[in-house]
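The values are calculated or read from the model by the stated rules, or taken from the named source; none is laboratory data. Predicted, not measured: the structure shown is a model, and the values here were computed from it. A quick note on method: Cβ atoms are made from the backbone with ideal geometry, for glycine too, and the neighbour counts reach across all protein chains shown. The area values use the complete protein model at the heavy-atom level, side chains included, leaving out ligands, DNA and RNA. Shrake-Rupley method; radii C 1.70, N 1.55, O 1.52, S 1.80 Å.
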Amino acid sequence: MSDAVTYSVRDGIAVIAMNNPPVNGLGSVLRPGIMAGMQQAEADPNVHAIVIIGTAKAFSGGADIREFNTPKSTMSPTLPEINEAQDRLNKPMVAAIAGFALGGGLELALGCHYRVAASKTQLGLPEVKLGILPGSGGTQRLPRVVGAAEGLKMMTSGNTVTAEQGKAVGLIDAIAEGDLLESAIAFAKKIVAEGKGVRRIRDMK
């Protein structure tokens, strides 16, 4: 782990906390810590589910623009490699989202099996506004969750939706009441207690 990612276990729930100011860019500092946290949680028999959370300001703004066009941007693990590892997990992973999850940040959340968000959180794939397409599964995962029409609208406009709008279309599973981390841990415990397990978007129609 690095200073940008901390790992802890609370009541059988592993918590991977990202803190890479200013917007939790998914750069070479953050990605290895996320991967290591997932591997540690998967290997621990006392861990039954995983929560990944950012700061109150941002879950993640996506790729770290400070590393664009540098070797760091393609250093392993890449975001697609993290998404593949998420799909291989045998324990449910919950994204706890506050502030915003944009671009690769939303793709990281879509790689999770469930999503809990603070009220008024902004969610979107704004890459089109930079003339590029979502590069880590967003074009495949988002339409499977929200439907083709809504997914296409989000990807081609680049506009964000709120957590409340996201819940209405199935992008968000629950809006947090009170503290986001506490809500996400409670949600994860409920998933485990009900035996729901992993729910991979790639397996959806």
Taking only Cα atoms of the range 1-56, what ratio of Rg to Rh do you get with Rh as the Kirkwood inverse-distance radius? 0.98
Protection-proxy order for peptides 111-124, 33-46, 91-104, 189-202, each taking the mean of Cβ atoms within 10 Å per residue, highest first: 91-104, 111-124, 33-46, 189-202
Using the Cα centre as the reference, give the magnitude of the dipole from point charges on the C-beta atoms of the range 1-136 (Lys, Arg: +1; Asp, Glu: -1; all else neutral), rounded to the nearest 20 debye. 340 debye
Select from Met154, Met75, Gly12 the residue farthest towards the positive end of the dipole of the chain; place +1 on Cβ of Lys and Arg, -1 on Cβ of Asp and Glu, and compute about the Cα centre. Met154
For the range 1-45, averaging the sequence separation of alpha carbon pairs under 8 Å that lie six or more residues apart and dividing by its residue count, the contact order in percent is 39 percent
Protection proxy (average C-beta count within 10 Å per residue), highest first, orders 11-18, 80-87 as 11-18, 80-87
Out of the DSSP beta bridges found with both residues in the chain, what percent are antiparallel (nearest 5)? 30 percent
If you roll a 1.4 angstrom probe over the protein chains with everything in place, what fraction of the accessible area of the chain belongs to carbon and sulfur, to the nearest %? 56 percent
Quick one: accessible area per residue over the range 46-205, 1.4 Å probe, rounded to a whole number of Å²? 46 Å²
Mind checking the alpha-carbon convex hull of the range 94-144 and giving the volume per residue in Å³? 73 Å³
Work out, step by step, the length gained on full extension between Leu130 and Glu182: first 0.36 nm times the residue separation, then minus their alpha carbon distance; give nm to one decimal. 15.1 nm
Tell me the label only: which of (1) 1.30; (2) 0.93; (3) 1.06 is Cα Rg over 2.2 N^0.38 Å as calculated from this structure? (2)
Name the residues of the range 146-174 whose amide N is less than 16 Å from a point 7 angstrom out from the Cα of Lys205 along the C-beta direction? 146-149
With no solvent and one equal point scatterer placed on each C-alpha of the range 1-121, evaluate the Debye formula and give log10 I(q)/I(0) for q = 0.11 Å⁻¹, two decimals. -0.31
Length-normalised contact order of the range 54-200 in % [C-alpha pairs under 8 Å, at least 6 apart]: 26 percent
